[in-house]
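Heads up, the thing below is written out as structure tokens.
The values are calculated or read from the model by the stated rules, or taken from the named source; none is laboratory data. Fair warning: this is a prediction, and the values are worked out from it, not measured in the lab. Don't worry about glycine lacking a Cβ; one is built from the backbone with ideal geometry, like all the others, and counts go over all protein chains shown. Only protein heavy atoms, including side chains, enter the accessible area calculation; ligands, DNA and RNA are left aside. Shrake-Rupley method; radii C 1.70, N 1.55, O 1.52, S 1.80 Å.
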Amino acid sequence: MCFKSCIAYTRPFENLESCPECDWSQWNEENLTKSTGKKKVPERQFCTFSLANEMLYLHREIAEIQSKLDAGEDIQTYNDIMTGSELLNALSSGKIKDTDILFMQSLDGVQLYEDKKSDSWIIIYILFIASPALHYKKCFVLPGAIVSGPNNLENMDSFLFPGLHHISVLQKEKLRVWDALNKTYFDYNVSGCDHNDVSTEDI
Ligand SMILES: [Zn+2]
């Protein structure tokens, strides 16, 4: 990119030696002079994060853990959902596949005002196909449902039902996705796991 951030040297600009806006050289002058014009080191670079790569995080991590377990190694660090026995058992029994779209449904009550009774309930979806560095970010957390109070939800299942029913419908047919990174098709299944802070006895 231009040192002063005018342009990126992509497509119409890819063959330019200097910025068409501010005339700053694409190459570091010091390296260029020292090597008599042979060593072209960019003056500045920017980062692009590949979306396809991010979406294959779970698939990649599961493969890595599986190969360690197959080699008789133990899991040393429990750092994400795929190190848990719940997920690993579901994988080995064939209940889910490592290419499934895996998400968590999470439910909690929130108090909107400090001095006023205002309990509301929010259901969210966390997408586990992206890394932990992304899947808890606000832009990746999907709202599932919002229920306003004033009372506690006496029958929580009845509120969870529409969302789960929708997912169940999605599970009936696979979602075919083109994986541009590996140039292959994925048949995505939708798999969910449940997380809420109320025990089943409470429901
Ligand atoms: Zn410039």
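Looking only at residues in the range 14-66 that are part of a helix (DSSP H, G or I) and open to solvent by 70 Å² or more (accessible area, probe 1.4 Å), which one is farthest from the ligand (Cβ to nearest atom)? Walk me through how you get there before you give the answer.
In the first step, residues of the range 14-66 are kept if they are part of a helix (DSSP H, G or I); the result is 29-34, 51-55, 57-66.
Filter once more, keeping what is open to solvent by 70 Å² or more (accessible area, probe 1.4 Å): 29-30, 33-34, 51, 55, 60, 64.
Numbers: 29: 15, 30: 18, 33: 20, 34: 23, 51: 27, 55: 34, 60: 37, 64: 42 Å.
If we take residues in the range 14-66 being part of a helix (DSSP H, G or I) and open to solvent by 70 Å² or more (accessible area, probe 1.4 Å), then 64 is farthest from the ligand (Cβ to nearest atom).
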Next item on the list: Keeping to the range 140-158, report how many residues are touching a residue at least 40 places away in the same chain (Cβ under 8 Å) and open to solvent by 40 Å² or more (accessible area, probe 1.4 Å).
Entry: 3
Notebook entry, point to check: Within the range 68-116, restricting attention to residues that are touching an Asp or Glu at 6+ places or on another chain (Cβ under 8 Å) and assigned to a strand (DSSP E or B), which residue is nearest to residue 164 (Cα to Cα)?
Noted result: 105
Next item on the list: Could you run through the range 1-13 and say how many residues are within 13 Å of the ligand (Cβ to nearest atom) and either surrounded by fewer than 12 Cβ atoms within 10 Å (Cβ to Cβ) or in contact (Cβ under 8 Å) with a residue 60 or more places away in the chain (or both)?
Entry: 0
